[in-house]
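J.: Sharing a structure with you now.
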Amino acid sequence: MEQVLTKIKQYLTFKLDDVEYAIDVSKVREVLEFELSTITKLVGRDNYISGVINLRGNVVPVMDLRLKFNMTKTEKTIDTCIIVLEVELGSEIVVIGILSDSVKEVVDLDSEHIEPAPKIGTAIDTDFIKGMGKRNEEFIVLLDIDRIFTENELSAVSSINEEAETN
């Protein structure tokens, strides 16, 4: 009798507009209520960099994922959250926050419920989509958080951290 092994991973699910996205929980440091977090605006930065927050004495840049995905700016509601993530930049880890309309739950997905990312042509960049998770006949877009932001964008974020440490 052959034993079939399926690899189960946990994902944090969140919403932007009506689309449910998910990030590998191993990348998630914590989830903050937007209401309780004060974002300090930065001038002269890309429009999707909302600003920075003070997270227990550490400066954490916050990105508006809706703007990065060419949607309208995130509106602050009772459900809006900041998901604090650890993103790889070369050999170092950069801590960033991303805004989400709401955080849903942590789900377990096994490999047989994940389909490859769709090929949509060259008009839309799908390199940051790991795949499409299927749960209860609905799809969840699985994001590769290490590929959403370019190396230049993450370097700019990393420089925000360095500037804050020297001040």
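J.: Within a 10 angstrom radius of the beta carbon, how do Ser37, Ser155, Ser100, Ser91 rank from fewest other beta carbons to most?
T.: Ser91, Ser155, Ser37, Ser100
J.: Now for a separate question. Take Ile93, Ile98 and order them by how many other Cβ atoms sit within 10 Å, fewest up front.
T.: Ordered from fewest to most neighbouring Cβ atoms within 10 Å, Ile93, Ile98 come out as Ile93, Ile98.
J.: Restricting to Cα pairs below 8 Å that are 6+ residues apart, what does the relative contact order work out to for segment 8-156? Please round to a whole percent.
T.: Rounded, it is 26 percent for segment 8-156.
Read-outs: derived from the displayed coordinates by stated rules, not from any lab. Being a predicted model, the structure only gives us computed values, none of them experimental. Using ideal geometry, Cβ is built from the backbone for each residue, glycine included, and neighbour counts are taken over all protein chains shown.
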